[in-house]
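Down below is the structure, laid out as structure tokens.
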């Protein structure tokens, strides 16, 4: 069943009223944030009527670095300062980065957001995934919530490439967000990919997501 973004967002907000209220308050306080990752895929799956995706287990936000401390204060988040991450990828590489890592508990949900201390590295190649004012401007507001442009989610999932063996659905979730990209943002998507430093590995992941996105659309129309 196809839905508009507004219809999907209404369902989305009703599923998690406490987090919706929290994020609405963040926006009113001037925090420039956008929901990224599995929750953007959840919104997309509601638009597409896609049953393939598991329910996300937490909330990932991108926040402008200069708004990080305000977000920590308003959500009463616990912060690990200068945390070091080494994450095995689904294709046998190692993703590394350092960040201030904030986690806030809102009811039964957990919100996570970071302030990166530099570039993300995958086997020595570096990528700029920091959230910028331009990336915030490219986010989509549906009802009271801001959702990151799908290029942000594709970049993050393309770096990690987690699969079912890792308990992840990175390609499927990237494809869902890719399927609902507004055509008017294609030029931004290309520019953002260039800014982030996409390499052949990320471009191949994006191509696979775009192919799966076409399949999602075909199934949604046929339903």
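List of remarks:
- Among residues of segment 103-116 that are outside any strand (DSSP E or B), those with a Cβ under 8 angstrom from a residue that is surrounded by 21 or more Cβ atoms within 10 Å (Cβ to Cβ), sequence gap 6+ or separate chain, pair up as 107/19.
- Filter result (touching a strand residue (DSSP E or B) at 6+ places or on another chain (Cβ under 7 Å), outside any strand (DSSP E or B) and without any contact (Cβ under 8 Å) to a residue 40 or more places away in the chain) within segment 76-102: 76, 77, 93
- Residue within segment 130-139 that is out of contact with any helix residue (DSSP H, G or I) (no Cβ under 6 Å at 6 or more places or on another chain) and assigned to a strand (DSSP E or B) present: no
So that you can scan it fast, the table gives a plain yes or no per residue for (1) at pLDDT 95 or above; (2) touching a helix residue (DSSP H, G or I) at 6+ places or on another chain (Cβ under 7 Å); (3) under 16 Å from residue 38 (Cβ atoms):
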{"residue": "91", "(1), (2), (3)": "no, no, no"}
{"residue": "99", "(1), (2), (3)": "yes, no, no"}
{"residue": "111", "(1), (2), (3)": "yes, yes, yes"}
{"residue": "116", "(1), (2), (3)": "yes, no, no"}
{"residue": "121", "(1), (2), (3)": "yes, no, no"}
{"residue": "126", "(1), (2), (3)": "yes, no, no"}
{"residue": "147", "(1), (2), (3)": "yes, yes, yes"}
{"residue": "155", "(1), (2), (3)": "yes, yes, yes"}
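- Residue count, segment 128-162 (criterion: on the phi > 0 side of the Ramachandran plot and buried (at least 19 other Cβ atoms within 10 Å of the Cβ)): 1
- Test: residue in segment 60-73 that is part of a helix (DSSP H, G or I), closer than 25 Å to residue 212 by Cβ and under 18 Å from the mean Cα position of the chain (by Cα): no
- Residues in segment 87-97 that are surrounded by fewer than 16 Cβ atoms within 10 Å (Cβ to Cβ) and more than 12 Å from residue 125 (Cα to Cα): 87, 88, 91, 92.
- Filter result for the condition that a residue is in contact with a helix residue (DSSP H, G or I) (Cβ under 6 Å, 6 or more places away or on another chain) and either surrounded by fewer than 16 Cβ atoms within 10 Å (Cβ to Cβ) or over 19 Å from residue 54 (Cα atoms) (or both), over 181, 201: 181
The values are calculated or read from the model by the stated rules, or taken from the named source; none is laboratory data. Predicted model only: the values in this text are computed from it and were never measured. Note that we place each Cβ from the backbone using ideal geometry, even for glycine, and neighbour counts take in every protein chain shown.
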